Amino acid sequence: VRRSSVQELLQSQELEREVVVKGWVRTRRGNKYVQFIAVNDGSGFNSIQVVADAENFPEEKLKADGVENGAAVMVRGKLVASQGKGQSVEIQAAEITVYGKADTETYPLQKKGHSLEFLREIAHLRPRTNTFGAVLRIRHAMAFAVHQYFNDRGFYYVHTPIITGSDAEGAGQMFRVTTLPDQNPPLTEDKSGLDYKQDFFGKQTNLTVSGQLEGEIAAMALGKVYTFGPTFRAENSNTARHLAEFWMIEPEVAFNELPDNMDLAEDFLKYLVRYALENCQDDLKFLNEQYDKELLGRLQFVVDNDFQRLTYTEAVEILKGAKQKFEFPVEWGTDLQSEHERYLVEKHFKKPVILIDYPKDIKAFYMKLNDDDKTVRAMDVLFPGIGEIIGGSEREESLEKLTKRMAEMHVPEHELWWYLELRKYGTAPHAGFGLGFERLMLFVTGMGNIRDVIPFPRFPKSAEF
Ligand code: 4AD
Ligand code: MG
């Protein structure tokens, strides 16, 4: 008999046939007449119930064989309609084989619930829990939906480098790449102990903070492109919204201007949330019940309502007039803190917000300057419970204005000579943005900490794997 997945069987209409499943025991319970074993193979949220009658499977034998929480098993038996509530089918066991036991004394995942903090310490086992199974399946679905969205709309997926010689954001938050000394003996001894020449076969390089600049190269040839890859930020911040290694989706579109960029961002986010609602029902239902009873309502709300669009200057006026006391005062020209962003989204407008036209001095060098000479065509999308989920802009396409901005912001021209050539040859308006994949995951799953929506979170002092 061919092995079936648990999900296939739970949805099957074909009963009274012999089936085989392989998976891990989630629970075993029962009495001296009958034992119920829940088996999960990861194919979906729900486990299948295996019924083992005492005549063939006395509890003592199940125990001796190691049919316990965490064990890997093969079950052969008959698929039948279930009498119990909560499932439509179950398996009447004819054979149960244990591949690998999990010692009930030492197995860290016991029946009782565990705190998310504890589970973070056992990242190698936490995918076996209901919560992380749900999160990982939703993460997969969201990644798939990203590609589906862009492919259906004629965008090309471009792979941008991880090791790079330039600082795309000009913010200096980079991890340096270096080779081991015996691979590449130091060329010069320098007192700091750092030998720049040795870094990347003679060139200083970093892990990328963003694929945007290379994305622009591709957009200037293929028109509509996107990147989706790991990015790195050496920010030593221990927050629930920051990681040192995170995944970013960055569309870049030739001939798009800021309003087109806003339309794309809003349509894209709604598509992803709708995709989750339609395709991740079991997992979302569990997260909604377990952690956050308003999750499903919040997701539906985002799909159904227009985002509020306004300028940074208008937002500052609103914040100055707010009754709420902020920890950081608001002045035109300062960056908005997450408390300000969340006030706008959660208290004032009560819906997602797109803020545009930020002061040039708090934004990156590549953003297109407005005619007022003070603001740039920046765009941040702010979400409830998250704050900034997307950052983007229309790009400066004028060679003259761009070099002027770079000089003002001390971005070395010689590092970005190729970026400048895009403006020298066939320049055109273009725009794009970056969606932080884990910020999206925070919103869609309702989880409170970004370390719980990526399998192996990288943050200060965390690199066990
Ligand atoms: O606003 P950021 O820094 O924008 C860029 O990197 C642009 N190059 C994007 C573009 O225009 N192509 O980052 C974009 C998004 C943020 O809005 C946030 O969602 C996420 O990336 N992000 C982080 N996510 C997790 N941990 C961090 N340390 C993050 N930093 C940014
Ligand atoms: Mg940003």
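Just so it is clear, none of the values below were taken in a lab; they were calculated from the coordinates. All values reported here derive from a predicted model rather than from experimental measurement. So basically every Cβ, Gly included, is an ideal-geometry build from the backbone, and we count neighbours across all protein chains shown.
Overview of results
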| item | result |
| --- | --- |
| Global geometry of the chain, whether rounded, prolate or oblate, following the gyration tensor of its Cα atoms and the 1.5 cut on a/c | prolate |
| Kirkwood Rh in Å, taken over the range 6-100 so that all alpha-carbon pairs contribute | 13.0 |
| The chain, relative contact order in percent, only Cα pairs under 8 angstrom and at least six apart counted | 13 |
| In range of the label at Tyr291: residues from the range 426-465 whose backbone nitrogen is under 15 Å from the point 7 Å along Cα→Cβ | 438-457 |
| Proximal lysines relative to Lys374, as straight alpha-carbon distance under 17 Å, when same-chain residues fewer than 8 apart are discounted | Lys360, Lys363, Lys401, Lys404 |
| Fewest-first sequence of Leu284, Leu222 by Cβ atoms within 10 Å of each Cβ | Leu222, Leu284 |
| Amide H contacts of Thr205 (H built 1.01 Å from N, under 5 Å, at least 5 apart or other chain) | Val177, Phe200 |
| In the range 284-321, the GluC sites (Glu not before Pro) that fall in loop regions by DSSP, at most 14 other Cβ within 10 Å | Glu294 |
| Cα-based reach from Lys325 at 19 Å (exclusive), listing lysines while leaving out same-chain residues under 8 positions away | Lys347, Lys350 |
| Cα shape, the range 69-145, gyration tensor, a/c 1.5 rule | oblate |
| Those residues of the range 50-77 whose amide nitrogen sits under 12 Å from the label point placed on His114, 7 Å along Cα→Cβ | 70 |
| The chain: angle of helix 295-304 to the longest principal axis, Cα-based, in degrees nearest 10 | 50 |
| Under Karplus coefficients 6.51, -1.76 and 1.60, residue-wise ³J(HN,Hα) of the range 26-42 in Hz, glycine/proline x | 9, 8, 9, 8, x, 9, 7, 9, 8, 10, 10, 10, 8, 10, 10, 10, x |
| Förster radius 35 Å - calculated FRET efficiency between Lys63 and Glu14 (Cβ-Cβ, nearest 0.05) | 0.60 |
| Whole-number D in µm²/s for the range 250-310 (Stokes-Einstein; Kirkwood sum over Cα pairs; 37 °C, 0.692 mPa s) | 249 |
| FRET efficiency, 1/(1 + (r/R0)^6) with R0 60 Å, evaluated for Thr97 and Ile362 via beta carbons | 0.45 |
| Sorted by Cβ neighbour density within 10 Å, fewest at the top, the residues Leu277, Leu299, Leu435 | Leu277, Leu299, Leu435 |
| Cross-link reach list, lysines versus Lys63, counting only Cα pairs under 23 Å and skipping chain neighbours closer than eight places | Lys22, Lys32, Lys78, Lys101, Lys111, Lys112 |
| Cα gyration tensor category, rounded, prolate or oblate, for the range 229-365 with a/c compared to 1.5 | rounded |
